[in-house]
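Trainee: First the structure, which I've put down as structure tokens, then a few questions once you've had a look.
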Amino acid sequence: MKILGIDYGQSKMGVAVGDTATGLAEPIKVFQISNFKIQILKIIFNDPMIKKIVVGLPHGKMDVEIKEFGVGLEKQTGVEVEFFDETLTTQDAQRLLITSGRKRKSRKEKEDAVAAAIMLEYFIIVGRRSRHRRG
């Protein structure tokens, strides 16, 4: 199943796509908040294989805003939205990008999309573990 991941931020949104069959996720793009909703809707409507959207939830002052965004996105697209703990994914993304040797500007441009990909991979792993325990 193809899943879209969103790292929701105050000024930027990172987007990634993952596949539960492979367990892998790929960073797609970082969007400015001003045009994010239009861009994310284009991605979803142009790819009918996306069956779920996972929105990162950082457990803090943005919780309510993020949940409202997710509920609205599900209503607009008809695609199931699930929330997932994104704690430390930005730090993981920063470490990964630093070790890749990218320059600071390039790292900053990709950081939120990489964080979304990391969150999606964690989401897939947790889903596999819970299915394995039930089965």
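Trainee: Excluding Lys2 itself, calculate the net charge of residues whose Cβ lies under 9 Å from the Cβ of Lys2, where each Lys or Arg counts +1 and each Asp or Glu counts -1.
Mentor: 0
Trainee: I need the per residue convex hull volume for the range 41-123, using only the alpha carbons, in cubic angstrom as a whole number.
Mentor: Looking at the range 41-123, the number lands at 112 Å³ per residue.
Trainee: Cut-off under 27 Å on the C-alpha distance; same-chain residues fewer than 8 positions from Lys67 excluded. Which lysines are left, in chain and number order?
Mentor: By straight Cα distance, Lys67 reaches Lys2, Lys12, Lys29, Lys37, Lys42, Lys51, Lys52, Lys75, Lys108, Lys110.
Trainee: For the pair Gln10 and Lys51, how long in nm is the line joining their label points, each one 7 Å along Cα→Cβ?
Mentor: Here the modelled spin labels are 3.8 nm apart.
Trainee: Let me ask something else about it. Counting DSSP beta bridges in the chain, what percent are antiparallel, to the nearest 5?
Mentor: Roughly 60 percent of the beta bridges in the chain run antiparallel, per DSSP.
Trainee: Calculated FRET efficiency, Thr22 and Glu65, Cβ-Cβ r, R0 30 Å, to nearest 0.05?
Mentor: Calculated transfer efficiency: 0.40.
Trainee: Which distance in nm do the two modelled labels at Lys2 and Leu41 give, with both placed 7 Å along the Cα-to-Cβ direction?
Mentor: 2.0 nm
Trainee: Counting helices only, and only those DSSP H runs with n ≥ 4, report the 222 nm mean residue ellipticity of the chain as the sum of -39,500 (n - 2.57) divided by its residues, in deg cm²/dmol to the nearest 500.
Mentor: The helix-only estimate for the chain comes to -18000 deg cm²/dmol at 222 nm.
Trainee: Still on this structure, please answer the following. List the residues of the range 17-49 whose backbone N lies under 20 Å from a point placed 7 Å from the Cα of Leu88 along the Cα-to-Cβ direction.
Mentor: Answer for this model: 25.
Just so you know, all these numbers are worked out from the coordinates, no wet-lab data involved. The structure presented is a predicted model; accordingly, all values stated were derived computationally and were not measured. Every residue, glycine among them, receives a Cβ derived from its backbone with ideal geometry; neighbour counts consider all protein chains shown.
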